[in-house]
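Encoded as structure tokens, the structure appears first; notes follow it.
The values are calculated or read from the model by the stated rules, or taken from the named source; none is laboratory data. Quick caveat, the model's predicted, so the values are computed rather than measured. As a convention, Cβ positions derive from the backbone with ideal geometry for all residues, glycine included, and neighbour counts pool all protein chains shown. The accessibility values were calculated without ligands, DNA or RNA, using every heavy atom of the protein model including side chains. Shrake-Rupley method; radii C 1.70, N 1.55, O 1.52, S 1.80 Å.
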Protein chains: 4
Amino acid sequence: MKIGILTSGGDCPGLNAVIRGAVLRGVISHEAEFVGFRWGWRGVVQGDIVPLPRQEVRGLSRQGGTILHSSRTNPFEGEGGGPENIQRMLDENGIDAIIAIGGEGTLTAARRLVDEGGINVVGVPKTIDNDLAATDYSFGFDTAVEIATEAIDRLRTTADSHGRCMVVEVMGRHVGWIALHSGMAGGAHAILIPEQPMSIDEICHYVESVRDRGRAPVIVVAEGFKLTDMEAEHSHKGLDAFNRPRLGGIAELLAPMIEARTGIESRDTVLGHIQRGGAPSAYDRVLATRLGMAAVDAVKDQAWGEMVTLRGTDIARVSIREATGNLNTVPQSRYDEARVLFG
Amino acid sequence: MKIGILTSGGDCPGLNAVIRGAVLRGVISHEAEFVGFRWGWRGVVQGDIVPLPRQEVRGLSRQGGTILHSSRTNPFEGEGGGPENIQRMLDENGIDAIIAIGGEGTLTAARRLVDEGGINVVGVPKTIDNDLAATDYSFGFDTAVEIATEAIDRLRTTADSHGRCMVVEVMGRHVGWIALHSGMAGGAHAILIPEQPMSIDEICHYVESVRDRGRAPVIVVAEGFKLTDMEAEHSHKGLDAFNRPRLGGIAELLAPMIEARTGIESRDTVLGHIQRGGAPSAYDRVLATRLGMAAVDAVKDQAWGEMVTLRGTDIARVSIREATGNLNTVPQSRYDEARVLFG
Amino acid sequence: MKIGILTSGGDCPGLNAVIRGAVLRGVISHEAEFVGFRWGWRGVVQGDIVPLPRQEVRGLSRQGGTILHSSRTNPFEGEGGGPENIQRMLDENGIDAIIAIGGEGTLTAARRLVDEGGINVVGVPKTIDNDLAATDYSFGFDTAVEIATEAIDRLRTTADSHGRCMVVEVMGRHVGWIALHSGMAGGAHAILIPEQPMSIDEICHYVESVRDRGRAPVIVVAEGFKLTDMEAEHSHKGLDAFNRPRLGGIAELLAPMIEARTGIESRDTVLGHIQRGGAPSAYDRVLATRLGMAAVDAVKDQAWGEMVTLRGTDIARVSIREATGNLNTVPQSRYDEARVLFG
Amino acid sequence: MKIGILTSGGDCPGLNAVIRGAVLRGVISHEAEFVGFRWGWRGVVQGDIVPLPRQEVRGLSRQGGTILHSSRTNPFEGEGGGPENIQRMLDENGIDAIIAIGGEGTLTAARRLVDEGGINVVGVPKTIDNDLAATDYSFGFDTAVEIATEAIDRLRTTADSHGRCMVVEVMGRHVGWIALHSGMAGGAHAILIPEQPMSIDEICHYVESVRDRGRAPVIVVAEGFKLTDMEAEHSHKGLDAFNRPRLGGIAELLAPMIEARTGIESRDTVLGHIQRGGAPSAYDRVLATRLGMAAVDAVKDQAWGEMVTLRGTDIARVSIREATGNLNTVPQSRYDEARVLFG
């Protein structure tokens, strides 16, 4: 059995641990052989293939990024793309199955390759935002929350020293999990997430309430958060609160609005890429290793079109078809739980 | 409503976050008032009580240890002990209910106080070893695994530089969860846990297999691991492999045995107390905060004799009676999963 | 002897350790009594004074920020300002001397208060940028370099995974020490500092050279770096490389310029305030503690107008007059040393 | 010019950064070629040589341990040892000079090879204990202090929670620098170092004084510390305070003695090997890189018998003859400075 692995989309702490877990499990338990497709689906459509013997995955569990590189190539597009070309490439290289590690887009493409082309693919979900409904948690999320929390811990001392409001922007385009968890862990005074649009007035209400208790407000905002009111719309059209053209993110928008309305000096910090790079947390290494091992077992079981997931403390399998298309949003109950800590 | 909180048994990262979560939830949502019993049950039987207003829990989510201190006092023993005395103390201080944060012993005592004395107690499980069956994970465990994993990462470079075998002893008296997760995360070549006694021959087999692949072996051993064979029994009686009297732990026993049998220079490291102190990981802060909040809700609901637990991503309640008495051991399937990575 | 302490200007890891070192040294060795002026010089001119007994400084060596708060108030301005008012306030409160912890501006003000008003002041230099020539290193700098280095380590894995160029902006308005040290520690492929303006062509030369060796370029840039060439001037006037209005920092300017010229996908990350908050490194705790202790000794010796500094491994004293006015720039030899690693 | 590098003695964070700095400087600035001797001097006497091209040192600045491995082989002993054999091996392999990275023993051997055999050797001092007088600081020391400080921070929360005395043993056989700096950074209540023997009575005096102020004592002890009094001598002969046979280190000796005399529950923690493994701090990466580069410059200048050192902020050279033989002990003034914080 010869298995090809690819990593697709944005990088995520734990990708290498998935690769290592898969290769070790396959080599030791199933006498499988492994190759890597480089640069995600691009390696599939271009036949950019490297051998992945056991010694290549040495020490990978603690290494950030992906040794196979990644891109956003779509396997249905361009020369070499589409099920027929891909099957031919697999045949030419004697590859029996693909383990595709990626997000919503990658998994959907994987499913289509199974359904439309009969390609042997199993999936491993990768979403640092934790926005896939089919898994309790996805690897990389814990590391991102840990990094964001450390940053909030640091920013708090500056807020306190200067009596400032600090607005911290974390990842989360469509869902607010990183903001929710890091904000709760870091003791934020408001957590702003895409699922819960809020008015600038309400945000300033929290900020002033904190100030009135003699403390310095710390606000955590997910990049996908939207304001509900008019001024914000205006701002979204390209002008900030001081009528200056605006290119930045939500934190850069909020800080001057908060300062203008409350009189509290406010600063924004955008954590950006540091949340997704570097060594994974122990939690993510364990989860990623287990998912990688389970993916090989899925290949062994010919569970094409399925992906591996975390359910409680167990690794399970679900049909990719059922798993995709459902955004794992922060439920109201979890937000209400956190909201107790606001202000 | 006036609620008293106590922390009992060994300290654990997240205890303060539980206290903070409980106080904030109670003060803000239920207009409750809080006091702390100092030094665990000792504060209950001796009436050593401090007020816990909101400002006292400021910043506690990231602070290790417990501001209420802890001890191993049994509430059924000594002057002031027993349900009647305790109920009298509660009445005198106008305290309506107790939130008891502790392990198996504390929870069992809590249940007896409910059953035998009609005392209003709810429990929060605390076990850094993760050995309570009623909860998927307990707070503090993730932090301990993270610290152990960082130590393994560090020790590996020394092992590699000198071609040595490093034996790392982590916590885990009755169960091997910390060893399993940190060993998996750190890429250990053997993980030795109480649930899986092993012979020194088998351990040396893994060590030599690693050496033969040109690498330096790293062995993670839980403090409660037992060897299966004769020499070990001999050693356990008080003499080590060189017939010297022995007082130390299992790592101190194993390292010279491995060196004597394999000829590979071997060193032991006992992580000890550094695994249980200091700032909790973000994961543990979130879990502990949620458990603290849920404990107050349980008080509100008069769910006496119940404790709060993690089930998947949800906080649930179970009867303490059902929750205790079942050790959460590492199941065979999880050990088999990890064993693939051995040698 | 009653001594007042103030912290002025931007916060810096180690401020609290200076306060603790001073108070413990003074209380234990010199039977001194301490008060704190809140919010820097503002506390002096407004008489905002808090007692600083020994128990208040407990645990402060590891705590970021400043418990005395800080501001940029000038002691020569406003009601209550100026030497006469300040001396009157000191007399009214029985305060014999001031320890002023701050940067160039604070130290200059301190010197003027000594020279023009005969006020008893000694200084402790604070500059996270390490831009004061009178001290080998200043506390906070090591922590900032450590945080920046960790960020670079993380960003590198993303760069490698995606074949991207990462541009990391670190602190350093007038001098490039943080960029130099973090860039050297993190293995950056180019380090851009205020002392060494460079053309975008030269930068792109390094970027392409790295790409041609099959690697992903990581560029560290100090916030005060200036491009030498025309396009940059144009950009500095308010338009970026795509003729969009520009408000951001230098990294935000460079990344799209590099991408446009080299075709290598480029991303910027601005570390910002996380570099100056949070727990100080052990190095900074030791340095800050020693400086605080030495400042009290300077008060004991009536060394008014002097400040404490690090020289090699010793704490020394210099006249503030001589110490200020000389920017501690990165010397050519240190930059040449680092430049070997470029490209 | 072909240069051979070796690393000798115990591993130390920064060894790989020295190697990388040397190779990059040599390849880029001096068109030198590099090889590595494996396993310290053993690689020299056995001719165990590996090529060290530029790509081999990629990413090494942040990697703990030494890719060249290390041992305690003496180059004057055994087959292949001695100046004549070594010169012959160098000639056969076309190697012009050796960069020897090691401690007192290695440097002394290097000097003898120069003096007695005319071998071209320059030295780089390596001592994690910081016990070489010729350099202000040596690489690895800062990392060890940082790790010890983090451990002390963690142990303090356990001490406080349980009202216990924690005794932490850190490295330092002959000198107490790691104990002094980590103890000062971590706020220890007593720092016990080889240079300052103390009686158990004095130690217990500090412990009780801390307890009487309502706090939990934290004691940092260097492994080489010696008690001054009789009971200790007795214990050193092999029996602990309870007349049990004793094999462990000084912390294991002290904790029960403190508990027996003060009645305060006491626990020991031995940090051991975790202090010397793993990624170096940014400080050590910069220092090690600079030393590596300077060592190549020394080779270029044919400065045989000299070693590179840190003096203030500069890298300098000294004769190995002058540099060795002087232990860099903690001076009385530095200990007195720290002693203010005791009790």
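Once the convex hull of the alpha carbons of region B:52-159 is built, what does its volume come to per residue, in cubic angstrom? Don't skip to the answer; put the middle values down first.
Values: hull volume 15.9 nm³, N = 108.
Each residue corresponds to 147 Å³ of Cα convex hull volume.
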Discussion item. So for chain D, averaging the separation of alpha carbon pairs under 8 Å that are six or more residues apart and normalising by length, what relative contact order in percent results?
Written reply: 24 percent
Fill in: Computed over the protein assembly as shown, Kirkwood Rh from alpha-carbon pairs, angstrom
32.6 Å
Item to complete: Between the label point of D:R213 and that of the same position in each other copy, find the distances and list them shortest first in nm, with every label point placed 7 Å from Cα along the Cα-to-C-beta direction.
Response: 3.1, 5.2, 5.2
Fill in: B from C by rotation - nearest chain C beta carbon to the axis, in Å
C:A279, 5
Worksheet item: Using a probe of 1.4 angstrom, how much of the accessible area of the protein assembly as shown is carbon and sulfur, in percent?
Response: 43 percent
Discussion item. Quick check for you: with a 1.4 Å probe and neighbouring chains kept, what is the accessible area per residue of region C:249-343, in Å²?
Written reply: 33 Å²
Discussion item. Defining the label point at 7 Å along Cα→Cβ, can you sort the distances from C:G263 to the same site in each other copy, shortest first, in nm?
Written reply: 5.7, 5.8, 8.1
Fill in: Extent along principal axes [Cα atoms of region C:141-275; Å; largest to smallest]
36, 34, 22
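Take every DSSP beta bridge whose two residues both sit in chain B, then give the antiparallel share in percent to the nearest 5. The partial results should precede the final answer.
On the way: 11 of 40 bridges.
Among the beta bridges of chain B, antiparallel pairing accounts for roughly 30 percent.
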Worksheet item: Looking only at Cα atoms, what is the convex hull volume of region A:163-233 per residue, in Å³?
Response: 77 Å³
Item to complete: Name the residues of region D:301-328, by number, that are at least 10 Å² less accessible with every protein chain in place than in the isolated chain; the surface is that of heavy atoms, probe 1.4 Å, without ligands or nucleic acids.
Response: D:G312, D:T313
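Going from the alpha-carbon gyration tensor of chain C, what semi-axes, largest first and in whole Å, does one get by taking the root of 5 times each eigenvalue?
Over the Cα atoms of chain C, the semi-axes work out to 42, 20, 17 Å.
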Item to complete: Please give the helix C:104-117 orientation as an angle from the longest Cα principal axis of chain C, in degrees from 0 to 90, rounded to the nearest 10.
Response: 30 degrees
Discussion item. Suppose a student asked you for the relative contact order of region A:141-275, using Cα pairs under 8 Å spaced at least 6 residues apart; what percent would you report?
Written reply: 33 percent
Fill in: Copies compared at C:E322 - label distances in nm, ascending, label defined 7 Å from Cα in the Cβ direction
2.5, 7.9, 7.9
Worksheet item: Taking the Cβ-Cβ separation of B:D314 and A:D115 as r and a Förster radius of 35 Å, what is the calculated FRET efficiency to the nearest 0.05?
Response: 0.55
Discussion item. Can you give me the angle between helix C:15-30 and the longest principal axis of chain C, using Cα atoms only, in degrees from 0 to 90, rounded to the nearest 10?
Written reply: 30 degrees
Discussion item. As a test of the formula, what do you get for chain D when each DSSP H run with n ≥ 4 contributes -39,500 (n - 2.57) and the sum is divided by the residue count, at 222 nm and rounded to the nearest 500 deg cm²/dmol?
Written reply: -13000 deg cm²/dmol
Practice prompt. Please report the relative contact order for region D:8-66, taking Cα pairs under 8 Å with a sequence separation of at least 6, and give it as a percent rounded to a whole number.
Written response: 51 percent
Worksheet item: For region B:1-62, taking Cα atoms only, what is the radius of gyration to one decimal and the Dmax to the nearest whole Å?
Response: 11.3, 31
Item to complete: Compute for chains A and C the buried accessible surface, both sides summed, probe 1.4 Å, and express it in Å² to the nearest 100.
Response: 2700 Å²
Worksheet entry | region B:111-194: trypsin sites (Lys or Arg not before Pro) falling in loop per DSSP and having at most 12 other Cβ within 10 Å | B:R173
Discussion item. Quick query: amide H of C:E306 versus all other amide H atoms, modeled in the peptide plane; which residues come in under 5 Å with a sequence gap of 5 or more or a different chain?
Written reply: C:G123, C:I320
Discussion item. Taking only Cα atoms of region C:7-118, what ratio of Rg to Rh do you get with Rh as the Kirkwood inverse-distance radius?
Written reply: 0.95
